[in-house]
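The values are calculated or read from the model by the stated rules, or taken from the named source; none is laboratory data. None of these values were measured; they are calculated from a predicted model. FYI the Cβ positions are ideal-geometry reconstructions off the backbone, even for glycines, and counts take in every protein chain you see.
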Amino acid sequence: MVERSAPVGVMDSGVGGLSVLAEIQRLLPNESLLYVADCGHVPYGEKSPDYIRQRCRRIAEFFQAQGAKAMVLACNTATVAAVADLRELYPHWPLVGMEPAVKPAAAATRSGVVGVLATTGTLQSAKFAALLDRFATDVQVITQPCPGLVERIETGDLTSPQLRQLLLGYVQPLLAAGCDTLILGCTHYPFLRQLLTEMVPADVAIIDTGAAVARQLQRLLAAQALLADGPSREASFWSSGDPLALKRVLPVLWQPSDRVECFTL
């Protein structure tokens, strides 16, 4: 029998999922959290769906071994490639994935033009195409792949002139096309929200789905009477890359932690 106090496992190709982890902690402060950053294989956006599925299976097996009561794929690209596969493998395990916020963006736009900043893998997926077919038939959606952003955020770079120039090059065409709503279609990108607000007019809405994912996790845990009643344990972290690199970036993107280990699967 699964205990309410069992942890929740959260994974991403790297550190982007920390933006989702923060939303989960904000909404569900009693939950104990495990986080795997698959930094040895980042970015997922340029890798094949089969490769990403294999990585997600290994991380799911690890979370199962850790006794996790639920798993969050805090990565749009991983969700596209692997969430259906994992739900088939673990039909009774609460699994939460990500998807770009096409529906709320379509409802929010006044100009009828929505911009999407995302990885190539997300934008080329059938899942993203299905979202557009379902929710965006009455609006114009302009997509912008953003190579290089994930790699810079992985190092904790949120403000450098090089990052600013890279991001501006992706945002300017969307603004020139009349976008009044921007979707952050990668969990790394919310860490650039402050920089984005300096680049876009004040009336441009910037939308991501981290808070919605936290609410979905809350619903799934409540449905199985698995919501923790506290107190939570300190979050634990693993990296398939250099754990010291993750430890260095945590104070920038999360908070300092000594609970960082190497993920070797």
> How many residues, within the stretch 236-265, are in a helix (DSSP H, G or I), farther than 15 Å from residue 10 by Cβ and touching a Cys at 6+ places or on another chain (Cβ under 9 Å)?
Replying inline: 2
> Out of all the residues in the stretch 84-99, which are assigned to a helix (DSSP H, G or I) and surrounded by fewer than 20 Cβ atoms within 10 Å (Cβ to Cβ)?
Replying inline: 84, 85, 87, 88, 89
> What number of residues within the stretch 156-183 are touching a helix residue (DSSP H, G or I) at 6+ places or on another chain (Cβ under 7 Å), in contact (Cβ under 8 Å) with a residue 40 or more places away in the chain and part of a loop (DSSP other than H, G, I, E, B)?
Replying inline: 2
>> Would you confirm whether or not the stretch 119-126 contains a residue that is touching a strand residue (DSSP E or B) at 6+ places or on another chain (Cβ under 8 Å), modelled with pLDDT under 95 and crowded, with 24+ Cβ neighbours inside 10 Å?
In response: yes
> Applying the selection to the stretch 194-216, what residues are of a type in the set (Ser, Thr, Tyr) and closer than 16 Å to residue 170 by Cα?
Replying inline: 197
> Is it the case that residue 102 is of a type in the set (Val, Ile, Thr), surrounded by 14 or more Cβ atoms within 10 Å (Cβ to Cβ) and more than 27 Å from residue 240 (Cα to Cα)?
Replying inline: yes
